[in-house]
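Input: a single structure, listed below in structure tokens.
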Amino acid sequence: MKFVVDTNIVISVLIKDSLTRKLIFSPKLELFLPGFSLQEIEKYVKEIQNKSGMSKEEFDLLCQKLKTTSFRM
């Protein structure tokens, strides 16, 4: 299945380990993210990281995983 993912969904995936995070990484889905979404997320990185409770390294790894395995732009 193909889906366009809103920036708010990506932010929620970064903040909380939930069903949404599991779905985002499902190989059965083809996800598309608007190009401006990454810029929007970058604007709120500190706030997202604080809310997630992850270390900077964990957060950076999750962001990298999102960028390389889940989305097409």
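The values are calculated or read from the model by the stated rules, or taken from the named source; none is laboratory data. Predicted model, so just to flag it, every value in this text is computed and none were measured. Note that we place each Cβ from the backbone using ideal geometry, even for glycine, and neighbour counts take in every protein chain shown.
Selection of the range 34-48 for residues being of a type in the set (D, E, K, R) and either surrounded by fewer than 13 Cβ atoms within 10 Å (Cβ to Cβ) or touching a Phe, Trp or Tyr at 6+ places or on another chain (Cβ under 9 Å) (or both) yields Glu42, Lys43, Lys46, Glu47.
Of all residues in the range 9-25, those that are more than 14 Å from Leu62 (Cα to Cα) and of a type outside the set (Phe, Trp, Tyr) have Cβ atoms under 9 Å from Cβ atoms of residues that are at pLDDT below 90 and assigned to a helix (DSSP H, G or I), 6 or more apart or on another chain, in Ile9/Ile24. Selection of the range 37-60 for residues being touching a residue at least 24 places away in the same chain (Cβ under 8 Å) and either among the acidic types (Asp, Glu) or closer than 13 Å to Phe71 by Cβ (or both) yields Ser37, Leu38, Glu40, Ile41.
For Leu61, the conditions (1) in a loop (DSSP other than H, G, I, E, B); (2) modelled with pLDDT of 90 or more are fulfilled apart from (1).
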